[in-house]
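J.: Below: one structure in structure tokens.
We did not get these values from a lab; they are worked out from the coordinates using the rules stated. What you are looking at is a predicted structure, and each value in this text was computed from that prediction instead of being measured. FYI the Cβ positions are ideal-geometry reconstructions off the backbone, even for glycines, and counts take in every protein chain you see.
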């Protein structure tokens with residue numbers, strides 16, 4: 001199937017979408033832990049799904065903006 005990535009708005013780490021969604025849905029950790037990046041622990045309020053790996057910060061912000069506009 002299609003490989004999709006999950007972008008976190010407040011850090012530069014990108015994850016497999018399914019993996020980051022499982023992490024954030026985990027009940028094994030406190031709310032503030034699962035809402036944070038598993039790598040750097042910076043909190044992000046939501047995950048943006050994308051089929052494309054953003055090459056830089058500008059590309060990442062464009063993907064996030066487009067996703068938010070379509071919510």
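J.: Could you list, in sequence order, all residues of the range 31-62 that are in contact (Cβ under 8 Å) with a residue 12 or more places away in the chain and in contact with a helix residue (DSSP H, G or I) (Cβ under 6 Å, 6 or more places away or on another chain)? Please lay out each step first, then the result.
T.: Of the range 31-62, the ones in contact (Cβ under 8 Å) with a residue 12 or more places away in the chain are 37-40, 42-54, 57, 60.
Those that are in contact (Cβ under 8 Å) with a residue 12 or more places away in the chain and in contact with a helix residue (DSSP H, G or I) (Cβ under 6 Å, 6 or more places away or on another chain): 38, 47, 48, 49, 50, 54.
J.: Oh, and also: Are any residues in the range 1-30 out of contact with any helix residue (DSSP H, G or I) (no Cβ under 9 Å at 6 or more places or on another chain) and closer than 12 Å to residue 48 by Cβ, and if so, which ones?
T.: Answer for the range 1-30, where residues must be out of contact with any helix residue (DSSP H, G or I) (no Cβ under 9 Å at 6 or more places or on another chain) and closer than 12 Å to residue 48 by Cβ: 10, 17, 20, 21.
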